[in-house]
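The values are calculated or read from the model by the stated rules, or taken from the named source; none is laboratory data. Quantities reported herein were computed from a predicted structural model and do not represent experimental measurements. In this analysis, Cβ positions are derived from the backbone assuming ideal geometry, glycine residues included, and neighbour counts consider all displayed protein chains.
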Amino acid sequence: MICLTCDIHHMSLNTGNQQFTNRSEVSIAAQFIEMLKQRKIRSTSFITGRCFEEEWDELKVICEDPFVEIGGHTYNCFVPELWHRAWNKLTGSYNGPRWHQNWDIQKTKNIILKRCGRSINSWRNHMYMHGPYTEELLAKNDIKICCDGVKRNSTSFENHASGVVNYPLNIIPDHEHLYHAERTPEWVENWVKRYNWSDDYGSKSYYIDEWLEMMLAEIKNRESHGINSHILIHPITLYLCNGFDALEKIIDCISQYKCVQVSELYLIEKEREKLSQTNEQLRSIK
């Protein structure tokens, strides 16, 4: 199955991507979501809390889409940055102290509930910043699934003692591996050196055509072997690469397969676990 997730940020964050377009990130995402809707493709959108406060008029159409699940993506994306960097250096928690991360989760949950009446149960930290208290505090706030990180060989959810499950990406991400906006070859080379950056797909970036070919081949290969694909799309990132051309090709590919939201896949996997346990019990009785 395909689990398609999208990240959407408030424009006041003023990211490099946002500086390279005269459209809001929410409006680009809304157009992509409409494209998915036309093919009846289900997806999960992780959205920042400030989007709901500052851009509700544009965001509303996404939240009212019956094919979209809403997840949290932090309230303000770890602003101010210097405060979070200092906290990370001192304690190893970029997310901040427990009280701050708890406040962030609660504030995001509350504004989503207030605006669209949805109580979320899935979450992705901005920049996959998975802190030492993440599972503990997500569990405290009744969130079941955390979609942080990139693990190329991941096949399913990873259980945590808190009861929260982690569900990393297993398809090459877009933003970190694409040349686009300010991310020129020179910029990427300097950035990789400065931070010694790499993920499970290495440190290379690609032009859109090569990246797209790699990404679609991965999906098809996993589907042929019965392995679920967890995809992350930043609509604004691909829009900046070549308009909606790549997005349309991704939709053409994934529409061939069963697409589910994060929480739906979670329930399916839990049912499989129960069935497996029941079969084990029956075998032990025999």
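Figures for the structure shown
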{"read-out": "Residue count for the range 14-59, restricted to those that are more than 16 Å from Gly72 (Cα to Cα), of a type in the set (A, V, I, L, M, F, W, C) and outside any loop (DSSP other than H, G, I, E, B)", "value": "6"}
{"read-out": "Filter result for Ile231 (out of contact with any Pro (no Cβ under 7 Å at 6 or more places or on another chain), part of a helix (DSSP H, G or I), surrounded by 18 or more Cβ atoms within 10 Å (Cβ to Cβ) and touching a residue at least 12 places away in the same chain (Cβ under 8 Å))", "value": "no"}
{"read-out": "Residues that are at positive phi and modelled with pLDDT of 95 or more, drawn from the range 68-92", "value": "Thr74, Cys77, Phe78"}
